[in-house]
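Below is one structure, written out as structure tokens; the observations come after it.
The values are calculated or read from the model by the stated rules, or taken from the named source; none is laboratory data. Here the structure is a predicted model, which is why all the values come from computation and not from measurement. Reconstructed Cβ throughout: ideal geometry from the backbone, glycine too, with neighbour counts over all protein chains shown.
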């Protein structure tokens, strides 16, 4: 995503507001995350707020991550790591429901900012026999094991290993799926369908897992590195 | 006494649930614990046969559910291992004759008689499995290192978690170290990589098991068996001990064996 100008609709964090704010007391906490905040600044801000509240204060507290802008999974993971060190467990991620119209997807970019607002977020592993379906996009923070199925109207993003069956773009006309993406940290699905295109992961015993993203180019599924 | 209820299940059949239940039961009892093993495979009783107690069954689980016999009367005490008791299954009923609430009720009664109540689940994910799962405080999941068994195990983990129970702990059964070393069998790491749950025991393939099972003498009763040792280790871990895992590497071979192995490798290297 380097060097790509951010969409015109982005909201800028107001200078007097910290990029992240830890709210609530006791065991139920909320961490509100400003739109488009810098990950390093967000982490520093969170650390100082945690330090300000004192070390062992949290016990086995739970926190909801509230994104007021786009869901940034890399940031979520980073903040979850910091929270984990403080003994606070992330129990969910909240994204705003109503969003301004999204910019037109740019098919020239391999990994566009996926419009994941309103996405169904699944935390934990999807196991064999389990099925998740959603009219919008589906985000899985965990593995999709062999035998599990993800059916999404729009995109599918797996922050883990994707080894089950995935159908993406089901809400679309089968001819209009060029911007649909299926991304995973390890993309080796049993079967992958986008529109009318079907593919399965090639058998490569010595394959080194890496983040990849799949899309449809003239009727066939093409896989690129997910950057 | 308020015993802990541990259900032993697998999804796939034939991976060694009953053998595992019997042997962990014997191992726990030989540590001085009181143990009831419950055969929840109604209609297909096995546990009493494997434990060699078939000819002593008078009352069974169904009798207790129906109130024909008290739990105390129905329990069969194993004379070889003090503290070990069996509640047998009924061969003339089927799984739908008991519901999860009744199963829970019976197992709760058994808590008064033992430290551990081990429930041997039937294979599958239907009524019989749901009956066996209902009373569980903890679940042990048995699998063999085969793709189909692991797939079913994964499905069962999903069902156990969906029922609100804690994630099962894994017993990896019938591992053959020499096949793993050759890359012909899934390793412990391969299995855990998919299932992502804690492992409580690794049981090597052991010819003694077949012989012992057919004689109705759990292998754990026999000294010097590797599988038996593995079951003792699982029992110790269930009992709260923190034991290292068994070294499953092959016994050291002679220099001549190793040399000929080397030459074999060299010879086949050109053709593969």
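Within region B:152-167, being part of a helix (DSSP H, G or I) and either over 17 Å from residue A:127 (Cβ atoms) or free of Cβ contacts under 8 Å to residues at least 24 places away in the same chain (or both) holds for B:158, B:161, B:162.
Determine whether residue B:132 is surrounded by 22 or more Cβ atoms within 10 Å (Cβ to Cβ), in contact with a strand residue (DSSP E or B) (Cβ under 6 Å, 6 or more places away or on another chain) and under 16 Å from residue B:192 (Cα atoms).
Numbers: surrounded by 22 or more Cβ atoms within 10 Å (Cβ to Cβ): yes; in contact with a strand residue (DSSP E or B) (Cβ under 6 Å, 6 or more places away or on another chain): yes; under 16 Å from residue B:192 (Cα atoms): no.
In short, no.
Within region B:136-149, identify whether any single residue is touching a helix residue (DSSP H, G or I) at 6+ places or on another chain (Cβ under 6 Å) and free of Cβ contacts under 8 Å to residues at least 60 places away in the same chain, and answer yes or no. Yes, because at least one residue in region B:136-149 is touching a helix residue (DSSP H, G or I) at 6+ places or on another chain (Cβ under 6 Å) and free of Cβ contacts under 8 Å to residues at least 60 places away in the same chain.
Kindly indicate the residue of region B:197-228 that is in a helix (DSSP H, G or I) and in contact with a strand residue (DSSP E or B) (Cβ under 9 Å, 6 or more places away or on another chain) and also farthest from residue B:144 (Cα to Cα) among those meeting that condition.
Looking only at region B:197-228, we keep the residues that are in a helix (DSSP H, G or I), and these are B:207-215, B:219-221, B:226-228.
In the following step, the residues that additionally are in contact with a strand residue (DSSP E or B) (Cβ under 9 Å, 6 or more places away or on another chain) were identified as B:209, B:226-227.
Working: B:209: 15, B:226: 16, B:227: 14 Å.
Restricting to residues being in a helix (DSSP H, G or I) and in contact with a strand residue (DSSP E or B) (Cβ under 9 Å, 6 or more places away or on another chain), the top hit is B:226.
So, of the residues in region A:121-132 that are outside any loop (DSSP other than H, G, I, E, B) and without any contact (Cβ under 8 Å) to a residue 24 or more places away in the chain, which turns out to be nearest to the chain's Cα centre (by Cα)? The extreme case among them is A:122. From the list A:189, A:112, the one residue that fits, being modelled with pLDDT of 80 or more, in a loop (DSSP other than H, G, I, E, B), outside the structural domain of residue A:47 (by TED's automatic domain parsing) and surrounded by 17 or more Cβ atoms within 10 Å (Cβ to Cβ), is A:189. Being in a helix (DSSP H, G or I) and exposed (fewer than 14 other Cβ atoms within 10 Å of the Cβ) is the filter here, so list the residues in region B:70-101 that pass it. Hits for region B:70-101 are B:72, B:73, B:96, B:101.
Residue-wise test of (1) over 30 Å from residue B:155 (Cα atoms); (2) more than 14 Å from chain B (Cβ to nearest Cβ); (3) modelled with pLDDT of 75 or more; (4) surrounded by 18 or more Cβ atoms within 10 Å (Cβ to Cβ).
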position: A:72; (1), (2), (3), (4): yes, yes, yes, yes
position: A:91; (1), (2), (3), (4): no, yes, yes, no
position: A:121; (1), (2), (3), (4): no, yes, yes, yes
position: A:125; (1), (2), (3), (4): no, no, yes, yes
position: A:139; (1), (2), (3), (4): no, yes, yes, yes
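Considering only residues in region B:135-167 that are more than 13 Å from chain A (Cβ to nearest Cβ) and buried (at least 20 other Cβ atoms within 10 Å of the Cβ), the one that is farthest from residue B:106 (Cα to Cα) turns out to be B:145. None of A:146, A:209, A:189 is under 27 Å from residue B:11 (Cβ atoms), in contact with a helix residue (DSSP H, G or I) (Cβ under 7 Å, 6 or more places away or on another chain) and in contact (Cβ under 8 Å) with a residue 24 or more places away in the chain except A:146.
Within region B:168-196, take every residue that is within 10 Å of chain A (Cβ to nearest Cβ) and not in a helix (DSSP H, G or I) and give me the one that is nearest to residue A:125 (Cα to Cα).
Per the stated criteria, the residue is B:196.
For region B:31-52, a residue qualifies if it is outside any loop (DSSP other than H, G, I, E, B) and modelled with pLDDT under 95, and the qualifying residues are B:47, B:48, B:49, B:50.
Quick check on region A:158-173. Is at least one of its residues touching a residue at least 24 places away in the same chain (Cβ under 8 Å), within 14 Å of chain B (Cβ to nearest Cβ), farther than 25 Å from residue A:81 by Cβ and touching a strand residue (DSSP E or B) at 6+ places or on another chain (Cβ under 6 Å)? Among the residues of region A:158-173, at least one is touching a residue at least 24 places away in the same chain (Cβ under 8 Å), within 14 Å of chain B (Cβ to nearest Cβ), farther than 25 Å from residue A:81 by Cβ and touching a strand residue (DSSP E or B) at 6+ places or on another chain (Cβ under 6 Å), which makes the answer yes. Among the residues of region B:195-240, write down those that are out of contact with any helix residue (DSSP H, G or I) (no Cβ under 7 Å at 6 or more places or on another chain), closer than 19 Å to residue B:172 by Cβ and modelled with pLDDT under 90. Across region B:195-240, the qualifying residues are B:207, B:210, B:226.
For region A:55-69, does any single residue satisfy the condition of being surrounded by fewer than 14 Cβ atoms within 10 Å (Cβ to Cβ) and at pLDDT 85 or above? Checked region A:55-69: no residue is surrounded by fewer than 14 Cβ atoms within 10 Å (Cβ to Cβ) and at pLDDT 85 or above.
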